[in-house]
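Every number here is computed from the coordinates shown, using simple stated rules; none is lab data. Quick caveat, the model's predicted, so the values are computed rather than measured. Positions of Cβ are backbone-derived with ideal geometry, glycine not excepted, and every protein chain shown enters the neighbour counts.
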């Protein structure tokens, strides 16, 4: 198998373990290419990719842009804030316009959960979900899984089994948390979610994860600590009383970092709130792989474009 | 004009009649119900062989969108859809634009309804402008033809106002019909809060948003001696609160809608905005509790909550699409398929919920088959399948998750005030 037999990439839930591992192995190949001096390959020459971001994003959009360019695709950006959308055009009309221009891939981010799923049923182009509401951020889930497996030296089936991964923070409102949990559980890891009960509802137990409200007790157990960005406006909804108290209970402080396992890895999808969910000294530690995640993100997104395009055998590809 | 309905199986839940009898209609009245009525020259004959002959069905919860949104449904178009669905009487909700909070608008609905095939009984708002601030002129509105009061679409959030509405309405003995939802607990939710809302990353509406308001209103009804009718009950907890209230002798009735006994929130991922309504579809446990509540008579009424929305409005991101689905044409097939066939309801248990029970809640002189009563009748073939597709749907809007389904129970004739207003021939 060297392609994804599907039109769209919408969420982790619908991917098989084989598909996840295929994406990771392909990502490794692309990472090897672009970390050498030659960065582009002609895989998507003649294909067009449109990024359609209904929500502001810097790093995810740049990562998709770079991935498409390194595969030699024609790239257009549909900027929602300067477009007909502000004049009240519906999503479906906007995308039919893009389709009329024969766009092959639509990379969409949207504040409304399930918007890419709605779209994918009504158009022919491939839809790649770059984050929808609280629902899914599948490329982040895949790059996080890839980053963990790469650190542990194997992209083979079973390489995540036995690992205990903690995801700390606002789980309830996080599409990253959902996609990470789905990916990590499919790959066999043990997952514990940690945060206040207002942000870590019991319904998440349906994933077969543990829930903890006590980070101090949890932290020495963890092989991987994945911190999520805390949205400051959540405090207004009384989901936690203050950032100070949140920091006291759930931040990865210097002191907590010292009680971690020696081989722990610390992750964060970015952008980081220094001093809220993570302290400065931890940011600067070699155990923290936040920048490596960013590199891997480009590789994983290249792999997804490549595999959705039908996946020509990699060894026959000529580098430019 | 005289019509004889022959060879049918008469089902009258009010009198517990289940018998092979003929019915003679003279003008707008049932003139005879007996064995072997002879057909004379000039009589019309309806052969109801293999069919149930029921009192004309009553849907006490529909949105006909007029005045204000005539593009999605009108009183006339909605009445035609009702007739096709087997309904001879409907109660229209007052959350139109403008809202039905004065006598002139109640009379407007009655006048528009005269052009249509069926009886329309308007409900008026509990509060002026549906603003939840002052109670409407209930006496004046009843004088113009209103049969009950509701701010449906919105709850009455103020407890003191709800107390006053229940107290004041006592002198008219009319139902205060509630859309039970604590909007603060709903907190912009769009589907049932639980496993599925978590998996889909959609904001949840907890069942408690419905249950706390029903509990409040039951307690206020006990306090005031008013008459409460709880609209569209969706959760098992709500059924339990109402069961207890009834056993305590509190004057409460309630209704559910066919989608709450037919679907669960599993449907949201599949049908997206077509499965979005308020209250939301809940879990399989809730669905079973609703069926049990209907079976035990805790839930008195089945009403469609027919809520047309244009395709453009529904073809949006789930979060932005409006709440509500159409239901007048799928109610009978869902009653037959889900309640009678899958859950062993007798025809009395199933059809009292759309005949005598809603008639009693609204104090309508309808919903029974007896000599001398108005000739409202519905003839249904319970063994005949119907394909629910866009061409089956007469409604101006096709926003229903049941598109594509094959169900049992075909409405063959609808007779209203002695006139055949729908025939599937």
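Per residue, the convex hull spanned by the Cα atoms of the range A:1-109 amounts to 127 cubic angstrom. For chain B, the longest principal axis of the C-alpha atoms and the axis of helix B:159-168 are separated by about 30°. Ranked by how many other Cβ atoms sit within 10 Å of their own Cβ, fewest first, the residues B:353, B:278, B:295 fall in the order B:295, B:278, B:353. Length, then width, then depth: along the principal axes, the Cα atoms of the protein assembly as shown run 98, 56, 46 Å.
Taking every alpha-carbon pair under 8 Å whose residues sit at least 6 apart, chain A reaches a relative contact order of 23 percent. Over chain A, DSSP H runs of length four or greater, each weighted -39,500 (n - 2.57), average out per residue to a 222 nm ellipticity of -10500 deg cm²/dmol. Quick one: angle between helix B:284-295 and the longest Cα principal axis of chain B, in degrees between 0 and 90, rounded to 10, please. Value to nearest ten degrees: 50. By the count of neighbouring beta-carbon atoms within 10 Å, fewest first, B:125, B:256, A:58 end up ordered A:58, B:256, B:125.
When each of the peptides A:209-221, B:233-245 is scored by the mean number of other C-beta atoms lying within 10 Å of its residues, the order from highest to lowest reads B:233-245, A:209-221.
Using a Förster radius of 22 Å, what is the FRET efficiency between residue B:363 and residue B:17 based on their Cβ-Cβ separation? Nearest 0.05, please.
0.50
Highest mean first, the peptides A:23-33, A:293-303 sorted by other C-beta atoms within 10 Å per residue fall in the order A:293-303, A:23-33. Partner shielding of A:167-180 amounts to 1, given as the average count of beta-carbon atoms from other chains within 10 Å of each residue beta-carbon. Working note: Debye formula, equal point scatterers on the alpha-carbon atoms of chain B, no solvent; log10 I(q)/I(0) at q = 0.06, 0.08, 0.09 Å⁻¹ is -0.22, -0.40, -0.51. Ranked by the mean number of other Cβ atoms within 10 Å per residue, highest first, peptides A:139-145, B:100-106 order as A:139-145, B:100-106. Taking the C-alpha atoms only, the angle from helix B:103-114 to the longest principal axis of chain B is near 40 degrees. Here the relative contact order of chain B, from alpha carbon pairs under 8 Å that lie six or more residues apart, stands at 19 percent. When the helices of chain B are scored as -39500 (n - 2.57) per DSSP H run of n ≥ 4 and the total is divided over every residue, the value at 222 nm lands at -8000 deg cm²/dmol. Footprinting exposure proxy ranking of A:36, A:261, fewest other C-beta atoms within 10 angstrom first, gives A:36, A:261.
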